[in-house]
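In what follows, a single structure is set out as structure tokens and then discussed.
The values are calculated or read from the model by the stated rules, or taken from the named source; none is laboratory data. Just so we're clear, the structure is a prediction, and the values are computed from it rather than from any experiment. Neighbour counts are summed over all protein chains in view; Cβ atoms, including those assigned to glycine, are modelled from backbone coordinates with ideal geometry. Note: areas computed on protein heavy atoms with side chains; ligands, DNA, RNA excluded. Shrake-Rupley method; radii C 1.70, N 1.55, O 1.52, S 1.80 Å.
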Amino acid sequence: MDEFVERLAGIGIPALVFLVIMSTTGLVGAAAVTATLSLLGPGGMIGGIITLTVIGAGASVITKYGYSAIICETCKKIMQKDNLTEEQMCEKIEKYPITKALKEKIKAKIREVEKQTAE
């Protein structure tokens, strides 16, 4: 069941993006499909198809792991890459345009990782 939901989300998000863009074209039928795909990505219709594929893959990954897990892992990689301390990373997180609850969750995860690294 979980895999079904994951696949459905992977298909659903690109479909929603496609429908929203298509509704803004003011066209109908094949002209609407062509215009929508052309608007979605660089390189005309092919670029639009590639863009929808990338959106679908991203949606599948987010559905599988959850956005908070992805953000936490990204922050850990930023800490390693930029050689930041726990305190510096927490200051950086405070500037992110995300909810306070998610900021606290990420900070807690970073502290947990730092504690495990120190042991």
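Some values worked out for this structure:
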read-out	value
Filter result (modelled with pLDDT under 85 and either open to solvent by less than 80 Å² (accessible area, probe 1.4 Å) or in contact with a Ser or Thr (Cβ under 7 Å, 6 or more places away or on another chain) (or both)) within the range 8-37	9, 10, 12, 13, 15
Helices (runs of 4 or more DSSP H) fully within the range 29-107 counting 3 or more residues that are hydroxyl-bearing (Ser, Thr, Tyr)	29-40, 44-65, 67-82
Hey, residue 110 under 21 Å from residue 59 (Cα atoms) and free of Cβ contacts under 8 Å to residues at least 40 places away in the same chain or not	no
Failed condition for residue 108, given (1) open to solvent by 60 Å² or more (accessible area, probe 1.4 Å); (2) farther than 30 Å from residue 18 by Cα	(1)
Qualifying positions in the range 55-99 - surrounded by fewer than 16 Cβ atoms within 10 Å (Cβ to Cβ) and of a type in the set (Ser, Thr, Tyr)	65, 67, 68, 74, 85, 96, 99
Inter-residue pairs, beta-carbon under 6 Å, first without any contact (Cβ under 8 Å) to a residue 60 or more places away in the chain and in the range 44-69, second assigned to a helix (DSSP H, G or I) and of a type in the set (Lys, Arg), 6+ apart	68/105
